[in-house]
Amino acid sequence: MRGILAVIATVVAGLSAPALQAETLADALASSYRNSKLLDQNEALLRAADEDVAQAVARLRPVVSFVASAQNSNTSPDIAGSDTLQSTFTLAAQWTLFDFGRNRLGVEIAKETVLATREALKGLEAQVLLSAVSAFVDVRLQAEIVALRQSNVRLIGQELRAAQDRFDVGEVTRTDVAIAEARLAAARSGLAAAQGDFQVARERYRAVTGAYPGNLAGLPPLPKTARSLDEARMIALRGHPSILQAQRQVTVAQLGVEATKAAMRPTINLDAGISQGLDQDVRRDSLTMSFNQTLYSGGALSSGHRQALANKEAAEANLLQTTITVGENVGNAWSGLQVAAASIQAGSLQVQAAQTAFDGVREEATLGARTTLDVLNAEQELLDARATKLQAEAQRYVGVYNLLATMGLLSVEHLNLGVPVYDPALYYNAVKNAPVTSVQGKKLQRILDKIGD
């Protein structure tokens with residue numbers, strides 16, 4: 001228990017500590033971005049998608065292979081020495097000269113998929129940063145609620161002692177003392193629950209940022225969002241990562257339809273080979289050009305085309321639905337901010353009124369005009385009012401960042417955190433042409449080392 005209280009005291013002290021000695025919200029955001037395993041996972045998935053582009057580009061190039069074979073044959077088992085061993089080395093090359101753009105479409109599909117994956121990564125970045133804001137604010141909120149609960153326990157303890165003193169001189173009955181004792185037990189239970197919530201908040205903070213919170217600085221001024229709901233919705237519909245991702249997915253689906261059409265058309269291939277036998281001084285060179293057209297595939301090609309059309313319709317519907325969802329989320333976030341602002345305003349009035357009522361009831365109780373229960377009820381109302389106001393203030397603060405996220409603006413660059421950001425083009429530019437040389441291989445290794453750092 002003393003350990004928990006010491007941690008809480010440290011955090012509460014940090015709420016008023018100098019900024020240079022405390023951990024700021026920007027620090028928490030930067031830590032969450034650097035330590036997020038979710039971002040690490042999806043950055044790796046993006047690099048895997050980059051390699052799809054390289055593989056699609058490689059299909060435009062010839063394939064060269066080397067084959068070594070050895071064959072043992074026996075023309076007559078009854079005749080000794082009739083075994084023959086033939087060894088052959090072959091260098092073969094195959095190249096698709098013309099396929100009505102089938103492989104080219106594969107490259108474009110891979111590129112659009114990379115761009116869609118980049119937008120998905122931006123959406124995850126917003127989630128990570130919003131979680132950091134929520135965790136930071138929640139630790140501060142729970143620490144302040146613990147402080148309220150501690151004050152509540154002290155105050156009720158004073159009321160209990162006062163009730164006991166009045167009982168000793170015959171001013172009140174044993175019932176008043178019992179009521180104060182019950183309230184003190186309830187207050188201690190509430191304090192224990194608040195301390196548990198504080199520990200949960202600390203664990204969440206550690207999961208998000210990679211370390212437990214130390215001295216937390218005060219909350220910085222809120223970032224700017226939009227002047228109106230219409231402006232916020234317009235910004236979101238123009239640049240939200242989910243919408244941009246859905247648009248790329250529509251393009252991928254449209255290219256997929258074209259690819260199924262190309263699959264129904266012929267291809268022209270060029271095959272070249274050089275064969276050399278070790279046991280005979282004969283070399284065979286070959287050059288073949290072939291025209292291939294599928295005449296019957298059992299309905300597979302037609303089915304693939306219909307499937308691609310269905311996927312395109314699904315992607316277009318998904319784009320429309322994503323647009324609706326993003327607009328709805330912006331409206332909900334904007335409404336949440338208005339509700340929180342109204343709650344703060346009402347909470348301030350409630351705290352002021354509850355404080356006045358508590359001071360009056362307590363004074364009247366010393367004159368014998370109020371009972372112990374009246375004092376305890378007034379104190380409980382003041383505690384509830386203060387806690388409600390703190391929760392509303394925390395809700396509004398997180399709500400502003402949530403609105404930024406729904407607008408598609410919650411990012412490291414937009415918040416100007418000053419932390420190095422992951423550059424998706426760095427790896428892509430290194431592999432997009434399917435490099436195979438040692439120089440490019442070393443370049444790729446340097447990029448991977450930099451990403452690992």
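The values are calculated or read from the model by the stated rules, or taken from the named source; none is laboratory data. Since the model is a prediction, treat every value here as computed from it, not as a measurement. A quick note on method: Cβ atoms are made from the backbone with ideal geometry, for glycine too, and the neighbour counts reach across all protein chains shown.
Here are some notes:
- Residue match in region 123-137 (condition: within 30 Å of Thr260 (Cβ to Cβ) and touching a Pro at 6+ places or on another chain (Cβ under 8 Å)): yes
- Any hit, region 281-294, residues being in a loop (DSSP other than H, G, I, E, B) and over 30 Å from Glu112 (Cβ atoms): yes
- Within region 110-128, no residue that is surrounded by 21 or more Cβ atoms within 10 Å (Cβ to Cβ) sits with its Cβ atom under 6 Å from a residue that is aromatic (Phe, Trp, Tyr) and at pLDDT below 95 at 6+ positions apart or across chains.
- Matching entry among Ile447, Ile451 (being buried (at least 16 other Cβ atoms within 10 Å of the Cβ), modelled with pLDDT under 65 and farther than 24 Å from Ala226 by Cβ): Ile447
- Inside region 234-254, residues that are over 21 Å from Lys111 (Cβ atoms) and of a type outside the set (Val, Ile, Thr) make up a count of 5.
- Test: Ala430 is free of Cβ contacts under 8 Å to residues at least 60 places away in the same chain, over 25 Å from the mean Cα position of the chain (by Cα), closer than 30 Å to Ala110 by Cβ and buried (at least 17 other Cβ atoms within 10 Å of the Cβ): yes
- Filtered residues of region 208-264 (kept if touching an Asp or Glu at 6+ places or on another chain (Cβ under 7 Å), of a type outside the set (A, V, I, L, M) and part of a helix (DSSP H, G or I)): Pro241, Gln245, Arg248, Thr251
- Unmet requirement for Val431, which otherwise passes all of (1) of a type in the set (A, V, I, L, M, F, W, C); (2) on the phi > 0 side of the Ramachandran plot; (3) modelled with pLDDT of 90 or more: (2)
- Identity of the residue in region 160-181, surrounded by 14 or more Cβ atoms within 10 Å (Cβ to Cβ), at pLDDT 85 or above and among the β-branched types (Val, Ile, Thr), that ends up nearest to Leu373 (Cα to Cα): Ile179
- Flag if Leu415 is surrounded by 11 or more Cβ atoms within 10 Å (Cβ to Cβ) and at pLDDT 90 or above: yes
- You will find that of Gly157, Gly196, Gly210, the residue that is at pLDDT 90 or above, of a type in the set (Gly, Ala, Ser), in contact with a Ser or Thr (Cβ under 7 Å, 6 or more places away or on another chain) and surrounded by fewer than 16 Cβ atoms within 10 Å (Cβ to Cβ) is Gly210 and no other.
- Every test in (1) surrounded by fewer than 19 Cβ atoms within 10 Å (Cβ to Cβ); (2) closer than 18 Å to Ala162 by Cβ; (3) free of Cβ contacts under 8 Å to residues at least 40 places away in the same chain is passed by Thr371 save one, and that test is (3).
- Residue identified as part of a helix (DSSP H, G or I), over 17 Å from the mean Cα position of the chain (by Cα) and not hydroxyl-bearing (Ser, Thr, Tyr) among Glu108, Glu119, Glu125: Glu108
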